[in-house]
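Report on the structure given below.
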Amino acid sequence: MHVHELNPKRTAVTLVLFAIVIVVGLFTMANPRLKYAQTPGETLKMLRNDAGLFFPHQLVGVLEGNNDTVMLIDLRNAFEFGRGSIQHAENISAVELLSEENIDRLEQLKSNGITVVVFADNQLEANGPWMLLRQLGFDNIMVLAGGYDYYKKRQGNLSGTAENDTYLLGTADYNFAEIASGTIAAGKSEDASKSGLSIKRKRKPAVAEGGC
Amino acid sequence: MMGPLIPQGIITGEWDFVIALLLGIAFGFILEASGFSSSRNIAGVFYGYNFVVLRVFLTAVLVAMIGLLYFDYMGWIEMDLVYVLPTYLRSMVVGSFIMGLGFVLGGFCPGTSYTAIAIGKIDALVFTGGLFLGIFLFSEAFPWISGFYYSDNLGNVTVNEVLGISNELFTFILVVMGLVAFWGTWLIEKRVRKTNKHYKFE
Amino acid sequence: MSADKTMRQGPRYINPYFGGVLLGLLLLLTMFITGRGLGASGAVKSAVVTTMDKISPVHAEHNIYYSKFLSSNHSPMFNWLVFESLGIFFGGLLSGALYGRLKKPRIEHSPKISGKTRLWAAGIGGVLFGVGSQFGRGCSSGAALSGTASFSFGGFLVMMLLFGTGYVLAYFFKKLWI
Amino acid sequence: MNRNYLYLTMLMLALAGGLFVLPERNNEQGTLPEELMWDIVQPTRYATTDQVARMIIEKDPTIELIDVRPFDEYTDFSLPGAVNIPLDSIVNENYQDYLGIQDMNAVFFSDDDIKADQAWVIARRMGYDNIYVMRGGLNCWVETIIRPEKPDETASRQEFEKYILRKGASMYFVGGAKMDENTGSKKTNVAVKRKKKAAVAEGGC
């Protein structure tokens with residue numbers, strides 16, 4: 001009688017234990033709390049349509065209080081928020097945006113048909129959180145073009161910004177090819193090129209660009 | 001917790017060798033307890049009188065493969081960080097032939113010979129000595145064979161990439177083949193044992 | 001039970017399937033912890049490199065194969081596989097002692113051959129295995145067992161060919177074993 | 001023959017077969033949302049124009065510049081050595097090889113930084129690591145590197161040093177094709193200077 005012809009009790013017990021571990025593992029498998037609703041391709045399509053931009057002049061109605069379907073969320077930290085923000089805005093810093101209660105809240109706002117406008121100092125800072133929320137399926141989230149900096153500058157005359165599109169990003173300020181070939185700058189002395197430059201530069205509100 | 005632990009730095013370097021020793025002890029224990037410390041048990045797989053090698057080896061491979069796939073599915077292990085042995089086609093084919101010949105002659109493989117030394121087998125000691133000599137000869141001859149050694153490098157390819165079947169399917173095929181082999185060898189073993197009087201079947 | 005009685009007289013091995021399941025789980029654990037499988041021949045390679053480095057450091061440094069494994073800040077013996085192989089030895093010792101197989105040095109051979117023949121066969125087999133494991137990037141545990149389990153094509157190839165060659169050649173060496 | 005062997009056989013088959021009946025896991029998921037948000041708020045994902053300029057001048061082999069503007073704008077002008085992956089095609093199969101290169105730091109840039117940032121969010125979500133956004137984009141590149149503004153007389157010494165460095169970089173980049181030979185010496189000068197002043201040069205946009 002060879003050993004392997006005896007009762008393989010221990011083998012069975014071990015393998016069953018292994019199977020139990022797997023089955024238990026499968027049932028308790030951590031389901032991702034948040035799931036993307038958009039594929040990267042869909043996100044791109046959304047960006048292409050430029051949907052989701054909230055323009056400064058649209059703020060007018062909100063600030064006057066006759067538009068209660070819009071809610072403003074300041075994504076900066078509590079300290080910056082404390083130093084001043086847009087009226088009626090609520091502060092949820094970007095880091096806490098995905099916490100359970102905030103997600104629940106956003107979920108609720110979405111089902112109530114409220115448009116949520118997120119902003120930070122500039123559009124760039126709010127861009128990531130905005131894109132992420134959109135990818136998670138919150139189609140009611142908009143991002144404030146120009147951000148808080150732009151708002152602060154034009155606070156008194158927001159409706160006047162409707163014709164002014166300087167807050168729009170993603171455009172070239174210079175003819176790069178020309179500059180690179182050196183036809184403008186090269187050959188001039190330092191001072192000359194410098195003074196020439198500052199005149200030629202398109203006077204764009206510097207704030208919207210984050211210090212550049 | 002998500003594996004593998006050491007490559008991800010969850011277990012730090014200083015525990016490396018303690019873990020190595022413990023895993024080695026478990027490995028050695030299982031090998032010896034299964035009967036791999038006897039070259040005649042091992043070589044039995046080639047003559048049909050003892051299929052212990054096939055049973056232990058194949059069962060281990062199957063269990064580990066199944067476990068790995070489930071672990072990967074459950075997110076317990078990052079498969080990208082699990083080392084995949086690189087494939088050097090010609091070198092590996094030749095190496096396997098040489099090893100196969102060495103296996104039939106020596107009756108051990110390196111791991112099993114260590115456990116056999118532990119329980120006092122002189123032939124295992126000689127085998128390990130041969131191993132040392134073999135690697136020494138290889139290293140000395142390396143400048144002349146390095147071209148061959150590095151030829152046909154396919155990189156760290158997996159079965160799935162070469163054969164085009166999913167890991168799950170590959171595992172399933174191996175499991176079915178393994179189970180057929182287990183039941184089949186059982187019958188072969190029974191028949192061979194009747195005629196074989198030289199080997200005390202334990 | 002008569003079966004139990006027989007078992008006590010013999011060397012008492014564990015059920016091979018039990019051993020297999022345990023080994024599989026151990027392999028899984030090893031991969032879970034270290035990200036790679038088990039190995040054995042690597043330790044002997046480290047020993048060769050260390051020896052050569054001791055005997056003739058210049059020679060070892062000039063040989064591109066040795067120098068692959070040489071490092072200036074620690075000995076090549078200070079290596080994961082060396083410790084693991086040490087563990088294999090002690091594990092075997094433990095199991096041998098537990099099951100009563102730990103005896104005085106002896107040679108195990110088929111009654112048809114002498115002890116000397118067995119030693120020659122073992123030695124030559126060792127040399128071949130040593131050379132082959134370098135070409136194959138690992139031995140039966142490093143390449144065939146761990147390689148196949150981690151779905152490496154090379155590992156699977158080595159496993160099939162290693163045992164395949166064994167079967168093809170087994171006929172010629174029948175006398176050594178039965 | 002023991003019946004347990006039958007059970008074992010069946011259990012093995014069940015375990016192996018179970019692999020097929022597992023519900024498809026969404027592998028499109030890429031980076032987890034929580035992780036992505038964490039990465040988004042890290043300021044380290046931005047590279048300044050000064051840093052980029054320095055890496056180009058020093059011929060840093062680990063930097064991969066990725067221009068996300070449309071192809072025709074890329075052909076008109078781009079940064080030296082940049083590859084073009086238009087934002088619209090970033091999920092395109094053909095471009096994936098450029099993104100996941102090991103040990104490479106990919107820096108996205110566009111006219112300003114918003115398009116590059118969008119490209120970054122999408123690429124990071126797809127799971128790519130070691131990617132950055134050039135803060136301020138090419139507009140900022142022109143303003144800081146090509147035409148650095150001389151600081152006021154009252155500005156700090158650091159400001160002046162930065163200006164001098166940028167001035168040197170400007171010479172390196174402007175009209176480079178024409179004076180390949182001439183810039184040879186300047187190039188090395190700039191590189192050496194910049195290495196020393198690493199901390200200073202890192203300010204900016």
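Bear in mind that the values in this text are calculations on the coordinates, not laboratory data. None of the values given here were measured: they were computed from a predicted structure. Cβ coordinates were reconstructed from backbone atoms using ideal geometry, including for glycine residues, and neighbour counts include every protein chain displayed.
Work from the charge dipole of segment D:2-64 (Cβ charges, +1 for Lys and Arg, -1 for Asp and Glu, about the Cα centre) and give the residue of D:VAL52, D:PRO23, D:LEU8 farthest towards its positive end.
Sorting the options by dipole projection puts first D:LEU8.
Any idea which of C:MET31, C:PHE129, A:THR115 is furthest toward the positive side of the dipole for the protein assembly as shown, if Lys and Arg beta-carbons carry +1 and Asp and Glu beta-carbons -1?
With unit charges placed on the Cβ atoms, the residue in question is C:PHE129.
Towards the positive end of the charge dipole of the protein assembly as shown, with charges on Cβ (+1 Lys, Arg; -1 Asp, Glu), say which of B:PHE17, A:LEU98, D:PRO61 has the farthest Cα.
The Cα lying farthest towards the positive end belongs to B:PHE17.
Explain nothing, just the number: relative contact order of segment A:78-146, from Cα pairs under 8 Å at least 6 residues apart, as a whole percent.
Numbers: 49 pairs, mean separation 19.6, N = 69.
Normalised by residue count, the contact order of segment A:78-146 is 28 percent.
Compute the signed sum of charges (Lys and Arg +1, Asp and Glu -1) over the other residues within less than 15 Å, Cβ to Cβ, of C:PHE69.
Value of the local net charge: +1.
Kindly flag which residue pairs out of A:LYS110/D:LYS115; A:LYS45/D:LYS150; C:LYS68/C:LYS116; A:LYS153/D:LYS59; A:LYS35/A:LYS152; B:LYS194/C:LYS45 have an alpha-carbon separation exceeding 31 Å in this structure.
Too far apart for the 31 Å limit: A:LYS45/D:LYS150; C:LYS68/C:LYS116; A:LYS153/D:LYS59; A:LYS35/A:LYS152; B:LYS194/C:LYS45.
Just from its helices, what would the mean residue ellipticity at 222 nm be for chain C, if runs of 4 or more DSSP H residues each count -39500 (n - 2.57) and the sum is divided by every residue, rounded to the nearest 500 deg cm²/dmol? Write out the running numbers ahead of the final one.
Values: 10 runs with 120 residues, N = 178.
That comes out to -21000 deg cm²/dmol.
In a Gaussian network model over chain B where Cα atoms closer than 10 Å are linked, find which of B:PHE170, B:PHE46, B:PHE17 has the largest mean-square fluctuation.
B:PHE17
Once the other residues with Cβ under 13 Å from the Cβ of C:GLY147 are scored (Lys, Arg +1; Asp, Glu -1), what is the net sum?
Values: positive: C:ARG36, C:ARG137; negative: none.
Local charge sum for C:GLY147: +2.
Using a Gaussian network model of chain B with C-alpha springs under 10 Å, which one of B:VAL56, B:VAL175, B:VAL18 is most mobile by mean-square fluctuation?
Residue with maximal mean-square fluctuation among B:VAL56, B:VAL175, B:VAL18: B:VAL18.
Using the beta-carbon distance between B:LYS190 and C:GLU61 and R0 = 41 Å, what value does 1/(1 + (r/R0)^6) give for FRET efficiency, to the nearest 0.05?
On the way: r = 57 Å, r/R0 = 1.40.
Using R0 = 41 Å, I get an efficiency of 0.10.
Mind checking the angle between helix C:41-55 and chain C's longest principal axis? C-alpha axes, 0 to 90 degrees, to the nearest 10.
Helix C:41-55 and the main axis of chain C meet at about 50 degrees.
Which trypsin sites (Lys or Arg not before Pro) in segment A:82-168 sit in a loop by DSSP (not H, G, I, E or B) and have at most 16 other Cβ atoms within 10 Å of their own Cβ?
The qualifying sites are A:ARG83.
What FRET efficiency comes out for the pair D:LEU6/A:VAL23, r = Cβ-Cβ distance, R0 = 25 Å, nearest 0.05?
Numbers: r = 20 Å, r/R0 = 0.82.
E between D:LEU6 and A:VAL23, to the nearest 0.05, is 0.75.
Quick check: the angle from helix C:115-135's long axis to the longest principal axis of chain C, C-alpha only, nearest 10 degrees?
40
Can you compute the charge dipole magnitude of the protein assembly as shown about its Cα centre, using +1 on each Lys and Arg Cβ and -1 on each Asp and Glu Cβ, nothing else charged? Give it in debye, rounded to the nearest 20. Before the final figure, lay out each step's value.
On the way: 72 positive and 73 negative charges, 997 e Å.
For the protein assembly as shown, the charge dipole is close to 4780 debye.
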